[in-house]
Amino acid sequence: MEAAAPTKPPLSIVLIGISGAPQIARALDALARQVGVPEPELVVAFDPRLPGVEALAARYPKVRFISHPDETTPIKMVGRGIAESRGEVVLLTEDQGVADPGWAHALWSALEREPCGAAGGIIELMRPATPTDWAFYFVDFYRYARPVKVAATGTLSVCNAGYRRADLDALDVDWRHMFVDALVHDALKAKGPLHLVDTARVSVLRHVRLRDALRERYVFGRVFGSNRLQGAPLKSRWTLRLGAPLLPAMILRRMVTKALESEEHRRELTRSAGPLALLVLAWAAGETLGYWTGTHPEDLSVAQEI
């Protein structure tokens, strides 16, 4: 008699480890306080170069820690983490973030209630924070800063997102090996709009050196640019390439427009204007080179915490 196939859990939470063992532990402690959802399967996909992570297995015996020597970038770790999880719904976050106790419930409910392709939430910055911390936050997460409306959005962050596994499995995108969020999210829009939930909140902080932040923004700007070329017609490719000199002004305009919605963000945007301008230029340079070369940099590692 054959053994019955293991039952799939209703919910998995995949935590991407890019910062370090203390940050992973902090994030797991927050995930253990989630309320209003079935007990989730917890999977940590981490950069194997981070010291001390494997020792966390004894502290968190119910958590599955996975890594691979060739998977040291978030793009690959996200794909591996989701592929090795089993939940019918998969929530995704990073170790730089601390999820509110109601975070999982808010995303879970949105995926059950809304006719959406995927759901995501608010990303805020922990205090205290330096001007470089604020600049690093703005350049990556300004779209998800308060205030936001509960509405359809053009993009989501893998630091705060939820998916139905059936929707991911149906995609004609190889997300299991390279989870390129822009491509995945664009494909999911065929299932319904991306939905932003203002009650699904994650607070983040990555305290890194400015030079390391500049390199990371350049690298992922180039990844973004090269990925946008995939499947694009020739006319669109040349539009992207020729319009690239306008990128810094376009990106800064969007950030300023968003910052004007909050008195605190207006103040911090002014205080962090110097490092923010440099980070925007680094991203724009990478995105431009991605449009012209269509290739990724060889080293996709992220900036390490100080």
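The values are calculated or read from the model by the stated rules, or taken from the named source; none is laboratory data. Just so it is clear, the structure is predicted and the values come from calculations on it, not from any experiment. Ideal geometry is used to build each Cβ from the backbone, glycine not excepted, and the neighbour counts take in all protein chains shown.
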Within the range 184-201, can you find the residues that are assigned to a strand (DSSP E or B) and within 25 Å of Gly225 (Cβ to Cβ)? Leu194, Leu196
So which residues in the range 224-240 are modelled with pLDDT of 90 or more and surrounded by 15 or more Cβ atoms within 10 Å (Cβ to Cβ), if there are any at all? Phe224, Gly225, Ser226, Arg237, Leu240
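Going by the conditions given, is Ala99 more than 20 Å from Leu171 (Cα to Cα) and free of Cβ contacts under 8 Å to residues at least 12 places away in the same chain?
Details: more than 20 Å from Leu171 (Cα to Cα): yes; free of Cβ contacts under 8 Å to residues at least 12 places away in the same chain: no.
So Ala99 fails the test.
Tell me, which strands (runs of 3 or more DSSP E) lie completely within the range 84-158 with 1 or more residues that are at pLDDT 95 or above?
Qualifying strands (runs of 3 or more DSSP E): 89-94, 97-99, 118-125.
Is it the case that some residue within the range 167-183 is farther than 26 Å from Glu84 by Cβ, among the basic types (Lys, Arg) and either part of a helix (DSSP H, G or I) or in contact with a Gly (Cβ under 9 Å, 6 or more places away or on another chain) (or both)?
So in the range 167-183, the residues farther than 26 Å from Glu84 by Cβ come out as none.
The answer is no; no qualifying residue exists.
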Kindly evaluate Tyr163 against the criterion of being assigned to a helix (DSSP H, G or I) and at pLDDT 95 or above. no
What number of residues within the range 220-246 satisfy the criterion of being without any contact (Cβ under 8 Å) to a residue 24 or more places away in the chain and either touching a helix residue (DSSP H, G or I) at 6+ places or on another chain (Cβ under 7 Å) or among the charged types (D, E, K, R) (or both)? 1
